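The values are calculated or read from the model by the stated rules, or taken from the named source; none is laboratory data. Keep in mind it's a predicted model, so treat the numbers as computed, not measured. Cβ sites come from the backbone with ideal geometry, for glycine too, and all protein chains shown count toward neighbours. With ligands, DNA and RNA removed, areas are computed over all heavy atoms of the protein, side chains included. Shrake-Rupley method; radii C 1.70, N 1.55, O 1.52, S 1.80 Å.
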Amino acid sequence: MNFKGKVAVVTGGATGIGRAIALKLADKGAAVMIADINEKAAEITAAEVLEISGSSAAFVTDVTNVAACEGLAQATIDSIGPADFLVNNAGIAGSPGWQTRSHSTEEDWKQTYQVNVIGVANVTNVFRSQMTERRSGRIVNLSSIAGREGRPSLPHYS
């Protein structure tokens, strides 16, 4: 596949799977917006993408905040063009400290739902309207196998 001249937005694109997706899209020629709450890591990944595809940007984004998602959409247009692809990859396994607890807390449930469900809806709604106007675009939502094969220590995530 050749994505030359296409613009992709990857939420949670600074590290892990999101970073790998961003780099692969760049390798296929896409300009990539790295959307992540981690500013420093987003800028590093955007610089790597820039070296590969020649066009990239980073935008600090909290997907649970609609205004931040709207800002991401506008920043994408302003810096690399309107999005052809949206990859909803941002996600969390729980609230801070979840790894050290033997059981889920109410905050784990709330934060995980806000990022992993509401965050996907927020970003999708913003970009879907732009894609509908242009009558072009693709949205890819990622999820975890944990949704089918839960873990006793992560019921809020599964």
>> Filter the stretch 99-158 down to the residues that are touching a residue at least 12 places away in the same chain (Cβ under 8 Å) and β-branched (Val, Ile, Thr) and list them by number.
In response: 112, 115, 118, 120, 123, 124, 126, 139, 140
>> Only one of 114, 130, 74 is touching a Pro at 6+ places or on another chain (Cβ under 9 Å) and closer than 24 Å to residue 21 by Cα. Can you tell me which?
In response: 130
> Quick one: which strands (runs of 3 or more DSSP E) sit completely within the stretch 31-141 and have at least 3 residues that are within 26 Å of residue 1 (Cβ to Cβ), open to solvent by 70 Å² or more (accessible area, probe 1.4 Å) and touching a strand residue (DSSP E or B) at 6+ places or on another chain (Cβ under 9 Å)?
Replying inline: 138-141
> Quick one: how many residues across the stretch 142-158 are open to solvent by 100 Å² or more (accessible area, probe 1.4 Å) and not in a loop (DSSP other than H, G, I, E, B)?
Replying inline: 1
>> Restricting to the stretch 16-30, give me the number of residues that are open to solvent by less than 60 Å² (accessible area, probe 1.4 Å) and over 15 Å from the mean Cα position of the chain (by Cα).
In response: 3
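Output the residues belonging to the stretch 114-153 that are at positive phi and under 15 Å from the mean Cα position of the chain (by Cα). Give the derivation first.
Looking only at the stretch 114-153, we keep the residues that are at positive phi, and these are 135, 137.
None - no residue of the stretch 114-153 is at positive phi and under 15 Å from the mean Cα position of the chain (by Cα), so the list stays empty.
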> Got at least one residue in the stretch 14-22 being of a type in the set (Val, Ile, Thr) and not in a helix (DSSP H, G or I)?
Replying inline: yes
>> Let me confirm something: among 111, 74, which residue is at pLDDT below 95 and under 17 Å from the mean Cα position of the chain (by Cα)?
In response: 111
